[in-house]
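Here's the structure, in structure tokens; my notes come after.
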Amino acid sequence: MKHLVSLLLAVMMTFGVAAIVGCDRTPADTSTSDINTDLPGDYTAKISLGVMNDPGEISNADKFVESFNEKYPNITVSVEPISGSYAEYILNNAAAGLIPDVFWVGDDSVTRFAENDLLLNLDDVIEADDEFDIDAYYPAMVKLGQRDHNGSQFMLPRDYNKITVIYNKDLFDKAKVAYPKDDWTYDEFVDTCEALRAAFDADQNLQSCYPVDAMLNWPPSYTAFFAGFGATTIQNGEVQFDSPEGMEAIEAMKYLVDEKLAFNPYNASIGNLFLSNKVAMWFSVRTIVSQCVAASLNFDFAAFPAFEHPSVGAGTSGYGIYSGTSDKNASWALLKHMMSEEGQEAFSQTGNAVPSLMAMNEAENASWKMYPSKDYNHDAFVANPDRDVVVTELEGLPSEIHADISGGMLDLLSKAFLPSTYPDEFKKKYPNKEDQTLANWVVFKKGQLEEIIQDV
């Protein structure tokens, strides 16, 4: 999946890279059964930690390293920011060994990196290390660190990201509409959107506002919609979004756009309306809280509404160990520390992310719940973990077509809501306006995606 964190942290910049230390390494012994899981405090080594070239990610890495060096002062860890297309950098520089010993991995890249033998299989060291308990982390996040979400562990999840409703209290107050509550249903969500729309239309100063930015072309969001209506998109290589349940989900999303309850996500030029006080609700994740603070918004949080089949889009990012690491012992020690209570606490103090370690989120005074202040409904970010669903449409498909499949789904759910955006090839197939329907568009896109899958 296009993981939640990378979507909101950065729009990848022009390809480039910071200088990486530890060059000319090639994958050697990739077993992990011989790793020393009880490394002495005076162990000496030099390793590197690769992260996206984003201020927040660099800050996270620095905090991890600072706390790690309190335990291992003789292990030098250089933080290596990677600019541009992060995944492509990792893939393109594997042959030259220009990959950090430990590096950031988005949940959408785990299988691709594992297929290319770039990550150590962590199963043996997890089993051997008595200090590490994989069951202490949110199960859905652990699954996202596995190859094809159902196999060996190649990445350990750092954070717990799930869609949460962030709402603008000022717009709700102007509309005289009640704030959303954590126990609301999807029908109540639609009712709230309709009440907001009516109020906005009645106020000349608010007519350009929208009730919600539902991010309907964002994989975690549309996955939740499909699952909520009892449908899937692509499963085991079979395109299934044209099922009756799938069409119901697509029609529900189209209704939000048609009735101006949500703006059409295809219009990318519109910018971020929520941060501009033009949207009352935003389906987003914890990483955007600092943006809301910077925009001086009066906001709070509510849990994602419950569909008939309660589902919430969830994702993570984390770290893995390069298969050609210069020091497996030091690399595991660093990775384990980042996942430990001490490391997660250092990460938690940023306030801009939810730790993946479940125990870190139970206390009312957990560090991340103090930002911007403890008076917010922070529990919305950890509500109903049993409803978490992750994007599985790429499972079992060759990595070389992942981009085409993701692009096809994006095209489907970006252009489905305005017939004027249908591509020329679709209009040629259906030259009559009355045939240029949503149903035919769905069938058309299904055929395209099936062809991509069958051609590999």
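The values are calculated or read from the model by the stated rules, or taken from the named source; none is laboratory data. Predicted model only: the values in this text are computed from it and were never measured. For neighbour counting, all protein chains shown are included, and Cβ atoms are generated from backbone atoms with ideal geometry for every residue, glycine included.
A few comments on the model shown:
- Boolean, residue 380 is assigned to a loop (DSSP other than H, G, I, E, B), touching a Phe, Trp or Tyr at 6+ places or on another chain (Cβ under 9 Å) and within 22 Å of residue 285 (Cα to Cα): no
- Residue under evaluation residue 86, criteria (1) aromatic (Phe, Trp, Tyr); (2) in contact with a Leu (Cβ under 7 Å, 6 or more places away or on another chain); (3) modelled with pLDDT under 95, criterion not met: (2)
- Scope the stretch 40-58; condition surrounded by 18 or more Cβ atoms within 10 Å (Cβ to Cβ) and either on the phi > 0 side of the Ramachandran plot or part of a strand (DSSP E or B) (or both); matching residues: 45, 47, 48, 49, 50, 51, 52
- Here the condition is being among the acidic types (Asp, Glu) and farther than 15 Å from residue 309 by Cα; of 187, 201, it holds for 201 alone.
- Spans of strands (runs of 3 or more DSSP E) in the stretch 269-364 with at least 1 residues touching a His at 6+ places or on another chain (Cβ under 9 Å) and closer than 30 Å to residue 46 by Cβ: 317-321
- Breaking point among (1) within 25 Å of residue 244 (Cβ to Cβ); (2) out of contact with any Leu (no Cβ under 9 Å at 6 or more places or on another chain), for residue 405: (2)
Per-residue answers, yes or no, for (1) surrounded by 13 or more Cβ atoms within 10 Å (Cβ to Cβ); (2) within 20 Å of residue 381 (Cβ to Cβ):
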site	(1), (2)
173	no, no
180	yes, yes
184	yes, yes
193	yes, no
218	yes, yes
230	yes, no
242	yes, no
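- Within the set 241, 225, the sole residue that is under 20 Å from residue 283 (Cβ atoms), of a type outside the set (A, V, I, L, M) and not in a helix (DSSP H, G or I) turns out to be 241.
- Of the candidates 90, 126, 99, the single residue that is buried (at least 17 other Cβ atoms within 10 Å of the Cβ), in a loop (DSSP other than H, G, I, E, B) and either of a type in the set (A, V, I, L, M, F, W, C) or touching a Ser or Thr at 6+ places or on another chain (Cβ under 6 Å) (or both) is 99.
- Qualifying residue in the stretch 161-178 (condition: in contact (Cβ under 8 Å) with a residue 40 or more places away in the chain, small (Gly, Ala, Ser) and not assigned by TED's automatic domain parsing to the domain that holds residue 335): yes
- Within the stretch 228-237, considering residues that are of a type outside the set (S, T, N, Q) and at pLDDT 95 or above, the one farthest from residue 280 (Cα to Cα): 234
- Single residue of the stretch 288-324 satisfying the filter (hydroxyl-bearing (Ser, Thr, Tyr) and within 19 Å of residue 218 (Cα to Cα)) that is farthest from the chain's Cα centre (by Cα): 311
- Test: residue 374 is modelled with pLDDT of 90 or more and assigned to a loop (DSSP other than H, G, I, E, B): yes
- Put simply, of 189, 154, 200 the only residue that is in contact with a Cys (Cβ under 9 Å, 6 or more places away or on another chain) and aromatic (Phe, Trp, Tyr) is 200.
- Test: residue 273 is at pLDDT 95 or above and hydrophobic (A, V, I, L, M, F, W, C): no
- The residues of the stretch 63-79 that are out of contact with any Phe, Trp or Tyr (no Cβ under 8 Å at 6 or more places or on another chain) and either closer than 11 Å to residue 343 by Cβ or not small (Gly, Ala, Ser) (or both), listed by number, are 65, 66, 67, 68, 69, 70, 71, 73, 76, 79.
- Single match in 147, 158 (criterion: crowded, with 17+ Cβ neighbours inside 10 Å and out of contact with any Gly (no Cβ under 7 Å at 6 or more places or on another chain)): 147
- Restricting the stretch 398-456 to residues that are among the hydroxyl-bearing types (Ser, Thr, Tyr) and assigned to a loop (DSSP other than H, G, I, E, B) leaves a set whose member that is surrounded by the most Cβ atoms within 10 Å (Cβ to Cβ) is 422.
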